[in-house]
Structure formats: structure tokens, C-alpha cells
Amino acid sequence: MTQAANQAANQAANQAANEAANQERSTFRACFAVAEFRVLFGSQLLLVLGDTVKMLAFSVLVYARTGSPGLAALAYMIGFLPQVAGGMLLLSLADRWRPRALMVAGDLLRVVTCLVLGIGGLGLGDLPIGVMLALVFAAGVPAPLFSAARAAVLPDVLAGDAYVLGRAVFTTTSAGAQVAGLAVGGGLLVVTGPHGALLITAALSLGSAALTRWGLRDRPARSPRPTRSTRQARSTRQARSTRHARSTRDTGAVRTTLRVNRALLADRAVRGLLLAGWLPPMLSVGAEAVYVPYLTGEGSAWGAGVVLAAAAAGMGVGEFAVGRFAAPATRERLTLPLALLLGAPLLGFAARPGVAGAAALAFLAAAGLAYNLGLQRRFLDTVPEAARGQAFGLQTSGLMTAQALGAAAVGAVAELVPAHLAIALSGCGVIAVVLALRGDLRGDLRGDPRGGRSGRVSPPYGPGGGGEDARPSPAEPAA
């Protein structure tokens, strides 16, 4: 047998082994048996708790000093607003820098931010409100970079189906930690006041940094920034191609982020999976923004908290049930029906249900978010290794942006029609979007791993934009 034949046979065997590992059902217990996953889980828990307490305490602090509900609301959300800019301009650094160092840097940035905001409680004087808002805004810009690094490490820690269950654990834990963070934050505000709560949040972030620094292995960057000698050598080899020579000079973080984002979105398979993960929740979660005005208008303002809590519970129960009891292949077959479940129960709001009925409908609709479990392995398999961090960051920042736009859209509809009809119309929108994306949700393009219609798509994913760093097309053997 020739060397080429041996290589082809080995590649086929490795591919078969990887597919078998992906289809082998894992358990939540197996995930927690991995020490590094426990570290990621613990740091994620501290992160979500800390961020939730920070937003609540900062909002209360701003309101206490200004008496302005508008500024208090801005303070609560201002950390999220700049993440769109970070997702569009900085995500390439998630693959250029060591992931553990990035995660620790993100925790330490939160420590510094909370210390500066809370330092007034030590008698050193409060910063002007404008400076405090600007500080939180600036600290939010690189947030997608840190979360992208964390998401990209998870497939290194958990393989195959365990990775999908690990994502489910993170989603469920984040939902529960947000609820717990609001409860804990409320208690801290009573006992310590907003300044003390911010200082405690700094301590939580410092604990997350320590856990990450000494609990995770220091992995190399996936797509390291080329050195000067490497760029010169590559430029020499490609001197005959003006396009390649220009692309090798294009190594700045912002330019690389924009270029790789364009390449990811130009990839038919990646784009389809991104849209499948963004658009159905866009209107479904957007409908939740109208629960408060709907129930307030029905004379049950207290019921808004009940309905929102039911939605959070539905998301957690759905993720747990599908992750725990459905085999990997079954999860992927359930993707389309579960996505439809996001919208179908919302149609029931056309009947103007009371608090109990609205809570039941919200629970069922949120349970449909488990459809994302059927997309996770396909997304991981589809995105290039060199741009994995940026791909996960784009997925997350795009989802946050989509949800904000969805809330604004459903809220605008509620200005034109009664709130219960706006919620029902959002359900119709979810169903229409899901049916339009049914091919991507079902994985109809799975036979073509690149998803390109021509089968010859090779966008520049690496930091150099082409040549050695470009991902090979399916018809070309990987180097």
C-alpha cells in the first residue's frame, strides 16, 4: 500500500472515530467528572452572579444619586450596549491570544471596574455619574472577547456529546444564576448598600480569576499573530500575487475581525447555523419584553414576575430534559419541532390569558430554546479551528443584538395593537422564521461541510488572510 493510500486510510479511520464519538451519548455526570469543566463551571457561576449583582447595584446607586428612572435603567443596561462594537471589531483577538490569559484579564477588568465604582463607600468620594457610566460602557466593549475565549475552550475540555451537554449546563446555570444574583443582590443592597455590593462583586470576580488561573491549562493561541519574520517570509513567497501580499499585511485586530466576520458570514453553512441560532429567539425573547405591559394592563402587575420566572424555568427544564434524556441524533431531529415550540404557545396570548395561563404559555415557549442543543455540534464541526473563538463570539454577540432588536420590534408593535396581540403576532413571526430556516435547522446542507453551493469556497480565516492560514476547500486535502 502506498504512503498516500495509508494517509487516506488513516484520515478515514480518524473521521469515523470522531463521528462515533460525537454520536456516543454522554451524561452530565461525565461532564462534571472532568476537572477543567468544573473549573469552567465554577468561574462561569461566579461571573454571572457577579455581573447580575453589579448591574443591580450600579442601577440602584445611580438612582439614589440622581432620582432619575431613565438614568437608572440606562445604568442597568449600559454594560450590554457596547458589546455589539466589541463583537464587530475585536473578536479576532480571541484566537490570537492565549484563552486562559484572556479569561483572567476579563475577570480582572471587572475587579477594577467594580472597585472604582464602589470606592465611594470607603469615603474617598463618588465619581461623577457621567464618568461612572462611561467607565461601565468602556468595560463592556471587550466583554465579547472574554466570553468568546471561554466558549472556545469548552470543546477542548469536553469532546463529542459531552460538549453539547456542557453547553446545556452553562445555559441552565446562567439562567439560574441570574435569578439567584437578583435575589442575592437585593439582600446585599439591604445589608451593605450599593457601594458594598459592588465591592463584594469585585471579590467574586477576583475569585473567578484565581480559579481560572490555577485551574485551567494554559493553551496556546489558535491563530497566533504572525511575527515580523513570518510576515516577511510569507510576503516574499506571495510577492507575485498582489492580493495575497496585501492580505498578509492585513493583520490588525480590527481589520482581521471584520475580515473574518465577513468570511464566516459568507460561508453558507456557518451563516445558516448563525441565523438559525439568532432569528427564532429574536422574536420569542422579544415577546417577553411585552409581558410586563400586558399583565400591568390586565391589572396584574405582580403577575409579570411570575410569568418571567416561568419563562426562565421553562428554559432550564427544556435544556435539562433534552440534554439528559435525548440521544445526540434525537436532539438533532428535534431541532425543528423545538424551534416551532418557541412560537406556537405564544399564539395562545390572542385569547388574553390570565396570570396562570400566561405563565404556562411562557414556560412552554421558553422550553423550545432547547432546540439550540441540536445545532451546537454542527456549528462546532462547521467553523474553522483557527477562527473558533471569533465564531463563538460572533454567535453570542449576534444573539444578544438580535434579542435587543426583537424586544424593540415587538414593543413597537405593542404601540399599534393591544399587548396580547403583539405577543401572539411575535409567535406568528417565530413560526414563519423557523419554516424559512427549516433547511438549516434540519441540517439539509450537512453533506457539504462548507455549505457552499459550488463546493469550492475557501475564505480567508487565518490572521494572514490567505495562503497557509486559509481553510482548505472540501476538494483540497488539508495540510
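Structure summary
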item: Surface accessible to a 1.4 Å probe, HIS195 within the full protein complex, Å²; result: 40 Å²
item: Surface accessible to a 1.4 Å probe, PHE146 within the full protein complex, Å²; result: 30 Å²
item: Exposure rank, largest accessible area first [GLU298, GLU36, GLU385; 1.4 Å]; result: GLU385, GLU298, GLU36
item: Ranked order, VAL190, VAL292 - accessible area, probe 1.4 Å, largest first; result: VAL190, VAL292
item: Förster radius 51 Å - calculated FRET efficiency between VAL254 and ILE129, Cβ distance, rounded to 0.05; result: 0.95
item: Where TRP214, TRP97, TRP278, TRP302 fall by accessible area, highest first, once all protein chains stay in place (1.4 Å); result: TRP214, TRP302, TRP97, TRP278
item: Cα gyration tensor shape for the range 275-405, rounded if a/c is under 1.5, else prolate or oblate; result: prolate
item: Given charges at beta-carbon only (K, R positive; D, E negative), |dipole| of the range 299-400 in Debye; result: 120 debye
item: Surface accessible to a 1.4 Å probe, ASP51 within the full protein complex, Å²; result: 50 Å²
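The values are calculated or read from the model by the stated rules, or taken from the named source; none is laboratory data. Predicted model only: the values in this text are computed from it and were never measured. Here Cβ is always computed from backbone atoms with ideal geometry, including for glycine, and neighbour counts include all displayed protein chains. Just the protein is used for accessible areas: all its heavy atoms, side chains included, with ligands, DNA and RNA removed. Shrake-Rupley method; radii C 1.70, N 1.55, O 1.52, S 1.80 Å.
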